[in-house]
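In what follows, a structure is listed as C-alpha cells, so that the remarks can point back to it.
The values are calculated or read from the model by the stated rules, or taken from the named source; none is laboratory data. What you are looking at is a predicted structure, and each value in this text was computed from that prediction instead of being measured. Cβ placement follows ideal geometry from the backbone for every residue including glycine, while neighbour counts extend to all protein chains displayed. Just the protein is used for accessible areas: all its heavy atoms, side chains included, with ligands, DNA and RNA removed. Shrake-Rupley method; radii C 1.70, N 1.55, O 1.52, S 1.80 Å.
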Amino acid sequence: MVVAGGRLVASGGYDRPVSDRAVPNLPSRDFDRTVAFYGGFGFVPTYRDDGWLILRRGDITIHFQQYLDI
C-alpha cells in the first residue's frame, strides 16, 4: 500500500482505492440459532443456502459458513 495524491492505493502496478471494509466469515453450527441470536442485534438474513449464510444490518455484513463439528 502506498499513498498517492493524498489517498491510500493498492500496490502492484495499478491505482485502485483501498476499501476500509472488512466482512467477517464466521463458523456456525446451526443457522437458525445464528439468525435468532444476531436478529436480536438487528441483523437480517440476506442470503442462505445449505452451507452459507449472510446477515446484514445497515452497512454491516457478516458471513457464516456451516461447521457442524464445532
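Identify, please: which residue in segment 46-57 is open to solvent by 70 Å² or more (accessible area, probe 1.4 Å) and of a type outside the set (Phe, Trp, Tyr) and is, among those, farthest from Ala22 (Cα to Cα)? Let's see the steps before the verdict.
Of the residues in segment 46-57, the ones open to solvent by 70 Å² or more (accessible area, probe 1.4 Å) are 46-48, 50, 56-57.
Okay, now just the ones that are also of a type outside the set (Phe, Trp, Tyr), so 46, 48, 50, 56-57.
Numbers: Thr46: 17, Arg48: 20, Asp50: 24, Arg56: 13, Arg57: 14 Å.
The qualifying residue farthest from Ala22 (Cα to Cα) is Asp50.
So, of the residues in segment 20-45 that are touching a Ser or Thr at 6+ places or on another chain (Cβ under 8 Å) and modelled with pLDDT of 95 or more, which turns out to be farthest from Asp69 (Cα to Cα)?
Initial filter on segment 20-45 (touching a Ser or Thr at 6+ places or on another chain (Cβ under 8 Å)): 23, 28, 34.
This time we only want the ones that are modelled with pLDDT of 95 or more, so: 28, 34.
Details: Ser28: 9, Thr34: 15 Å.
Across segment 20-45, the extreme among qualifying residues is Thr34.
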Which condition does Val9 not pass, out of (1) modelled with pLDDT of 90 or more; (2) open to solvent by less than 70 Å² (accessible area, probe 1.4 Å); (3) more than 13 Å from the chain's Cα centre (by Cα), if it passes all the others?
-> (1)
